[in-house]
Structure formats: structure tokens, C-alpha cells
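The values are calculated or read from the model by the stated rules, or taken from the named source; none is laboratory data. Everything quoted here is computed from the prediction, not taken from an experiment. Ideal geometry is used to build each Cβ from the backbone, glycine not excepted, and the neighbour counts take in all protein chains shown.
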Amino acid sequence: MIPNRTRATAAAVAALSLALAACGSRVDHDTVVRSVGGGQVATGVAGADTTVGVDGSADATSGDGASDDAGSGSGSGTSGGGSSSGGSASGGAGKTAKKGGGPIVIGSVGTTSGPGGVAFAQGPRALQAWAATVNAQGGINGRKVQVIVMDDGADAAKGRSQMQELVEQRKVVAIVASFTTTQTMNAWKSYVEKMKVPVVGGDCSTTAWTASPMLFSECPGTNSALDGLAQVGAKYGKGKKLGAFFCTDSEACTHVQDRFFGSGKPAERYGLDPVYNAKISVTQPDFTAECIQARNAGVELMLVTGDPNTVSRVASSCSRQNFTPQFLQPGATVDGATASKPGLKNVLAVTPTFPFTGSTAAGFGQFNSAWNKYGGGKAPGPAAAQGWASAKVFEKAARGAGEISRAGLIKELTTFRGQRFDGLTVPLTYVAGKGTTDTKCAFGMRGSGGKWTAMSGGKAFCW
């Protein structure tokens, strides 16, 4: 068992390698909150016509919700041409989708309670909002989508057990929008590889997303996203002198530190001048001493690895010392309200999927409409964008696969070449036997007048 403090810290910062995070603790009208005691939720989706309990007892596999081969992970998808371009719903040429039948059952294992839940909860909520939207339009190939969300509580052993339940008992055809810690993913990654279960999108917090044939990420690779952050700072920052506060007790924070201040130093490669860094704790109430030291070092751009609340507390501490650097943040460390906080109104951020507000991408309108309807009244943040993008990747694969089975989905996913899903993602390519191909692209956002704005109308920048 991971000690409570270490687990909480890891959960809060596991996504720091530009997995998106957002503030929001309720998924599907408080079902996640009600699940904290039991650690799992079998949910329908808001607005859907499925009737599912919140205590894990729902019949998620009734009828033929899973395809014939779902239990074993084998089966066939009808062969055909490559997938269509953009984010269209049509399948590849020569494919005949099987229409009708019971619900398409998908699962999501992740951390939706505790400190990690603050960072991740909007991800599975966006998945549910997508399912509600799809179901209201008649489903996928005439079949409704049923979503089962399970809360692993940042516990690796629990996450592994829940994954096994979803695969072997619930008969899910895929895991979608898995927002969890690096430790928990490592506990079940070899299992989904053995069972050949596609995991489509999630928090993108680990390099495993580009190193497994069963993990289909909706994001650029971890290091590529960090390199994109350095480039945004160098191009749009009000100065070149970079300071950073790195959280302790997390490999994710250490990785970011090495990437900016260790050997190689992309910060220098892209024109920044790293002049100061310090270790902090996400439970630390005040950062006055560190702010004074950073000010004395001449820091103009400040990078903080921690959850959104930590970033806010750092900015507040520095402001009290009349030290107002411009903050340069990975998407995992901000939320929908960050740009309105004291000291953060000109914040710069890089996100691995589309900006959660202000985007002019063709696919943004549907997300915005669905979130306004099913988002629970919370402003969307980065995790909401990632959850929606994960869902759209799954949707395209499901509509294109002849038989919606694990094998059929995998076969369809590995036809994707440079797919952008109507501007919601970086170019995505999946290769059979290898999984996700890294892409050197990302999205930029900035604070302006206390609100978030999308750089370049929400278009991805590539290098």
C-alpha cells in the first residue's frame, strides 16, 4: 500500500508531463463522490436512457453489449481501406458496420477522488458527456454507449483489480479516458497487453503511452509536450530568465526538472536561460522564502510543478513580495479558473489536446455544447478536453470497425495516420504492434484580462 501522503502527492502531480488536469470533483451528478467508499461506480451517462446503479451492481453486460469475443479479447474486424480524414463519423471504405444490438460497454479506470480526483475528475465526466451526446443522436451504428467509471483512489492494487473486473466480468470492449497515476498504470499495463484490450486516451502522464501496443494516446509524447512548453515560453514570455519550483516525492516532478535543468536542457535549446530552481511540497502553505530567492536570481518566467492549488498559492506568495513573474505552466498544473487568480492573469500554458475554451476548431462546438449541458456547472479545464478527445478517438474507431470488438477496434485504430479529429488533437498515428507514434506538436493558451484565451485560434503548433 502506498503511504497516504506519498499517494496524494503522486496523484496530484502524476500528470505533470502535460497530461491535462482540471478542478472538478463530481462525475455524472455526484456518482463519483458517492463511490469514494466503495471505490467503483457503474454509471450510465447523464441524459442517456440507460438505467444503471451507482453502487457497482448495475448489469453492465446485459444483452449483447459486448461483442462475442469481448471476454477473450479476440475476434475480427472487417477489413477495408484506411480511416477517413479529420474527425468524421464515417468508417473506412469497404467496411460494413454491424448495426443494432445491445449497448456498447466501455470502461474507465482512474483516480476520481482525493487530491488526484481534483486533477483528473473532469476527464471521465467529459467521457460521460460525450456518451450522452452520442446516445441522444441514436448511438453508434444504432447501439447506445454505456460507460462504467471506476475510482482506483490512486491505489495501484485496486486499479489492477478494477481493470480485471471490467475486462473479465463487465466485458468492456475498450478502456477509454483512463486518468490515473503512473504507479497505477504500471500495475495494469501488462495485463491489458496480455488480454489485448485497447486503452484509448487518458491523462498521458507517462512515457508508457508511446511504448505499448495497447495504449492509444490522444496526446504528444511526454518529452515532446515539455519541449513545446519551453518553446512557448521562449517565444511569448516577457523574459528569458527561467525559474522553477519542483515538487518533491514524485518521479513526474523529477522528470520535468531533469528536462529543463538537467543534461540536455531544452530550456536552453529553445532560447530560455534557466537561472533558479527549488524543491517544494504540494502541502506547503507558503512559499515566501522561495519567491524571494527567485526574485533575487532575476527570474522573469516561473514554472511550478504541482496541482492547480499549489500554483495559485505560489503566485499569491510571490505577489505579496511584489514579485510578479509570468508563469509558464504545463496543462496538468492549471484549471479553468487559474487565469483569474492573483499573479496568474498573464499565465502561459501548453496543453496536449485542444484548448478547453476559445478554440475555433471545427470540433470544439460539440464539446462546448455538451459540456454546458452535462458539465455540472463547472468551467471546463484541461482534463475535460482530454477526456473528450479520448472519446472522439474511440468513436471514430467504433464507427469504422465492422464488428465492435476489441480486435476490431485495435485493427481500426492502427489505420489512423495523422488524424486530427476536426482540430481537437495533434496529428495522431497508431502503428500495429507498437501503438502511439510520438508527435512534436502541442496547443498553447494564455491568460488575458483574467480569462483564458487560445493561441492561434486553438490550432496546434508543430516543430
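Here are a few things to note about the model shown:
- The criterion of at least 2 residues that are assigned by TED's automatic domain parsing to the domain that holds Lys434 and of a type in the set (D, E, K, R) is met by none of the strands (runs of 3 or more DSSP E) falling completely within the stretch 202-316.
- Residues satisfying the criterion are absent from the stretch 418-429 (criterion: part of a helix (DSSP H, G or I) and modelled with pLDDT of 95 or more).
- Test for Gln329: is it over 14 Å from Gly450 (Cβ atoms), in contact with a helix residue (DSSP H, G or I) (Cβ under 8 Å, 6 or more places away or on another chain) and crowded, with 24+ Cβ neighbours inside 10 Å: yes
- Qualifying position, being assigned to a helix (DSSP H, G or I), surrounded by 24 or more Cβ atoms within 10 Å (Cβ to Cβ) and not assigned by TED's automatic domain parsing to the domain that holds Pro266, among Ile410, Ile404: Ile410
- Residue in the stretch 452-460 that is among the hydroxyl-bearing types (Ser, Thr, Tyr), in the same structural domain as Gln326 (by TED's automatic domain parsing) and farther than 23 Å from Pro124 by Cβ present: yes
- Residues of the stretch 413-440 satisfying the condition of being surrounded by fewer than 21 Cβ atoms within 10 Å (Cβ to Cβ) and closer than 23 Å to Ala383 by Cα: Gly418, Arg420, Asp422, Gly423, Pro427, Thr429, Thr437, Asp438, Lys440
- All of (1) closer than 30 Å to Leu413 by Cα; (2) at pLDDT below 95 hold for Gly264 with one exception: (1).
- Selection from the stretch 232-261 of residues that are of a type in the set (A, V, I, L, M, F, W, C) and modelled with pLDDT of 95 or more: Val232, Ala234, Leu242, Ala244, Phe245, Phe246
- Only listed residue being in a helix (DSSP H, G or I), over 28 Å from Thr305 (Cα atoms) and in contact (Cβ under 8 Å) with a residue 60 or more places away in the chain, chosen from Ala370, Ala389, Ala384: Ala370
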